[in-house]
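These notes concern the structure reproduced below.
No lab work stands behind these numbers, since they all come straight from the coordinates. Please read these numbers as outputs of a predicted model, since none were measured by experiment. Neighbour counts run over all protein chains shown; Cβ positions are idealised from the backbone, glycine included.
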Amino acid sequence: MNGINTSMIHVTKRDGTVQTFDLDKIHKVLEWATQDITNVSQSEIELRSNIQLYDKIPAYDIHELLIKSASELISEHTPNYQFVAARLISYKLRKEVYGQYDPLPLIDVVKKNIDLGVYDPEILSYYNDEELNELNSYIKHARDNTFTYAGMEQFRGKYLVQDRRTKQCYETPQILYMMVSATLFAKETTNRLSWVKHYYDAISQFYISLPTPIMAGVRTPTRQFSSCVLIESGDSLDSINATSTSIVKYISKKAGIGIGAGSIRAAGARVGDGSVVHTGLIPFLKYFQSAVKSCSQGGVRGGAATVYLPVWHYEFEDLVVLKNNKGTEENRVRHMDYAFQFNKLMYERLISGGDITFFDPHDVPGLYDAFFSDQEKFKELYEKYERAYSIRKKSKPALEVFQSILTERKDTGRIYIMNVDHANEHGAFDVKKAPIRMSNLCCEIDLPTKPLESYDDENGEISLCTLSAINWGLIDSPKDFEKYCTLSVRALDNLLDYQEYPIKAAEKATMNRRPLGIGIINLAYFLAKRGLKYNEQAHEIIDEYAEAWSYYLIKASMELSEEKGACWLSDETKYASGKLPNDTYKGAVDNLVKRKSTLPWDTLRSALVEHGIRNSTLMALMPAETSAQISNSTNGIEPPRALVSYKQSKDGVMAQVVPGYHHLKNKYDLLWDQKSPEGYLKICAILQKYIDQGISVNTSYNPEHFEDNKVPMSLMIKDLVMSYQFGLKQLYYFNTHDQSDDMKEEPLALSDIDDEDCESCKI
């Protein structure tokens with residue numbers, strides 16, 4: 001190998017023993033890894049590895065170099081090296097976990113891992129030896145060979161139970177999938193093993209994808225699996241402190257945080273009798289930031305949060321530049337993301353050339369609450385307070401307000417938008433009983449919240465959402481959704497009872513509402529398979545499949561309600577009165593698609609009135625970067641940036657090839673080829689028609705398509721207004737094609753490389 005006299009080289013095995021280096025072993029491993037895979041070369045991997053052999057080199061290092069060599073050969077011209085690299089990782093994992101290539105019996109792995117303290121000991125109280133042996137015989141370890149390099153790398157880096165210090169893994173992917181399934185269905189009273197097997201098949205064959213907290217946590221002593229946590233702060237010091245404590249609790253358990261801070265009064269406001277002047281929002285945002293960053297997400301990285309603020313807050317001019325690189329640390333809070341909240345009146349002021357007036361929420365009684373719960377009352381109060389001379393306020397042309405937000409949104413990629421009237425009017429809840437006042441880290445969750453006055457305040461409401469997604473790329477007919485919707489809803493509903501709640505307000509809210517957020521992955525592949533792009537030609541089929549996906553999710557929850565009972569506050573949902581998402585969407589969407597419904601919605605409405613709903617929410621389209629890599633899928637509903645993309649992780653840059661590359665490479669509608677996000681936004685609008693929560697909608701622009709390589713402000717405003725007109729509830733990332741990275745075949749966007757990305761929402 002590379003002309004080195006290998007007879008003088010020894011290898012240190014994992015158990016510490018030393019033996020003579022055997023080149024034939026490398027040949028055999030590479031021969032196995034490349035078997036039946038076309039357009040790959042065993043010798044090329046060996047030569048490229050350029051192993052720097054030295055005496056007593058660890059066997060671990062040799063294998064890692066082979067994996068690295070194979071992964072570096074992945075390209076548009078030689079995409080199949082992704083399967084070779086994955087096999088090499090799989091081989092290494094089996095030797096590490098089992099001490100041999102052939103897997104050990106499931107019961108042995110379970111008992112060993114319970115003894116090690118890394119599996120939940122309750123598993124053995126649910127399943128006897130006979131049942132575990134039956135599940136063992138059902139495991140399909142060969143499915144590990146379907147992984148790509150990116151998927152397998154993510155598996156061993158994030159999901160497999162392991163010693164985070166030594167990187168010693170205690171399970172392989174199929175064991176993980178079976179144990180997740182067995183844990184989630186452990187308390188089923190009928191057909192339990194059948195449910196376990198069906199769910200195992202669905203997740204191990206990538207029909208259903210799961211988020212980080214579930215993949216990494218279910219089967220372990222960890223008992224917190226909700227991805228998204230929504231915490232609203234009140235204006236008092238007690239509430240602010242309770243918010244901070246709650247943030248720390250959930251950040252430490254891998255959750256992404258949404259923070260509602262819009263009711264906190266502005267700088268200069270009276271406190272008490274007026275002897276104290278309020279310091280304003282920014283010091284308390286710094287306080288929240290410290291809480292967010294105080295604990296790592298599962299020992300991997302610092303936490304992440306998005307703060308929600310009304311656009312009419314008195315401190316708007318300071319708040320809009322919080323992530324800006326200009327200015328001093330005293331007036332910047334750079335390590336959280338921010339979302340500004342709008343409603344119809346704000347857009348009307350923009351279109352009419354009017355002003356937006358900024359108020360301190362403390363000075364305008366009833367305005368903040370009405371902003372979410374009663375749009376007519378809000379307008380009435382807003383205009384009343386604008387006329388009141390005694391109230392502290394300031395105004396700015398609406399156009400300048402929107403321009404400043406869009407400028408910061410473009411420059412940082414991380415200033416988000418929330419349309420609170422759409423979130424409430426087209427949401428799952430009766431706005432008079434349970435208004436939506438904020439969203440989550442990634443802008444797809446819309447759940448009610450109430451501020452806590454103390455850490456143990458049970459009258460407050462911290463909302464949790466538990467996530468999953470269905471792989472549209474593998475669905476051949478709308479009817480196929482029924483099976484996977486049923487499995488998804490039942491599994492996640494079981495999880496709500498299995499997990500623990502460190503804060504009473506979160507437990508009470510979850511039991512009251514039992515919210516779920518089931519999304520979509522692999523939409524770009526779904527379109528490419530059908531020769532469709534992100535334009536009007538796809539509208540009807542998107543509508544048809546979205547309708548079925550939504551229908552079967554609601555039906556599954558209704559049937560669970562009939563079987564196990566409705567959630568305790570089912571009467572606060574629109575579902576309980578027979579009103580569905582496709583009853584409350586923006587009528588403008590009808591201009592995009594004329595297709596008539598084909599499913600028995602009226603029958604479902606009647607059943608909901610009779611039985612209620614088990615889960616107050618069911619749909620949410622979240623980012624799906626990690627799970628997309630695992631399942632060899634395109635990210636969520638997003639167009640791929642390139643046929644071969646480079647994803648940043650804590651373990652380095654990983655190459656991922658779009659699914660079906662060989663026969664579909666000319667069919668994909670690539671992101672940076674699109675002249676504007678209009679086509680994508682219209683497809684999001686059609687999807688939103690059937691969704692009770694929101695969508696993590698990105699806006700992406702390639703400056704190459706515009707004069708002087710600059711995205712016109714007029715276009716950004718047009719797209720923002722169009723998004724509102726079609727009923728989109730939130731806008732997430734702003735992505736810009738960075739031409740400086742063209743050498744990498746696929747430029748890394750902010751959403752790919754920033755360490756503050758959420759590990760949990762991005763399922």
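Observations on the model:
- Those lysines that a straight Cα-Cα span of less than 30 Å connects to K384, excepting residues fewer than 8 apart in one chain: K344, K393, K394, K396, K432, K433, K450, K586, K718, K729
- E348 paired with N535, simple spin-label distance in nm, labels 7 Å along Cα-to-beta-carbon: 3.7
- Once the convex hull of all Cα atoms in region 104-182 is built, its volume per residue stands at 92 Å³.
- Sorted by Cβ density within 10 Å, fewest first, the residues W195, W472: W195, W472
- The HN-Hα couplings worked out from phi for region 175-190 by the Karplus form 6.51 cos²θ - 1.76 cosθ + 1.60 (θ = phi - 60°) are 5, 4, 4, 5, 6, 4, 4, 4, 5, 5, 10, 4, 9, 5, 8, 10 Hz, whole numbers, x standing for Gly and Pro.
- Considering only GluC sites (Glu not before Pro) in DSSP loops that have at most 16 other Cβ atoms within 10 Å, the longest stretch of the chain without any of them is 189-452.
- In terms of overall dimensions, the C-alpha atoms belonging to region 7-157 reach 52, 39, 23 Å along their principal axes, ordered largest to smallest.
- Counting beta carbons within 10 Å around each of V84, V18 and listing the fewest first gives the order V18, V84.
- Kirkwood hydrodynamic radius of region 520-568, from the reciprocal of the average inverse Cα-Cα distance over all distinct pairs: 12.7 Å.
- Relative contact order (%) - criterion: Cα under 8 Å, at least six apart; region: the chain: 13
- Remark: I445, I542, I37 ranked as I37, I542, I445, counting other beta-carbon atoms within 10 Å and listing the fewest first.
- Here r is the Cβ-Cβ distance between E31 and S404 and R0 is 56 Å; the resulting FRET efficiency, rounded to 0.05, is 0.35.
- Inverse of mean 1/r across different Cα pairs in region 374-471, Kirkwood, Å: 16.9
- Debye equation applied to the C-alpha atoms of region 1-93, log10 I(q)/I(0) at 0.11, 0.18, 0.20 Å⁻¹: -0.31, -0.78, -0.94
- Number of Lys-Lys pairs in region 1-93 with C-alpha atoms under 15 Å apart and a separation of 8 or more places or on different chains: 6.
- Here the calculated FRET efficiency for E610 and D571, from their Cβ-Cβ distance with R0 = 22 Å, stands at 0.95, rounded to the nearest 0.05.
- With Cα atoms as the point set, region 455-543 shows a radius of gyration and Dmax of 17.9, 55 Å.
- Förster-model FRET efficiency, 56 Å R0, T146 and A388, C-beta, rounded to 0.05: 0.30
- Principal-axis tilt of helix 237-251 within the chain, Cα atoms, nearest 10 degrees: 20
- Within the same chain, lysines fewer than 8 places from K529 are excluded, and of the rest, those with a Cα less than 21 Å from its Cα are K479, K665, K667, K682.
- Karplus-based coupling profile of region 701-711, in residue order and whole Hz: 9, 9, x, 4, 7, 10, 4, 6, 6, 10, 6, with θ = phi - 60° in 6.51 cos²θ - 1.76 cosθ + 1.60 and x standing for Gly or Pro.
- Two-site label geometry, E704 and N324: point separation in nm, points 7 Å out along Cα→Cβ: 3.2
- Rg/Rh ratio calculated on Cα atoms of the chain (Kirkwood radius): 0.98
- Shape class for region 482-591, computed from the alpha carbon gyration tensor (a ≥ b ≥ c): prolate, with a/c not under 1.5 and a/b above b/c.
- In this rough spin-label picture, where each label sits 7 Å from Cα along the Cβ direction, the L116-D61 distance is 2.4 nm.
- Region 104-182, relative contact order in percent, only Cα pairs under 8 angstrom and at least six apart counted: 31
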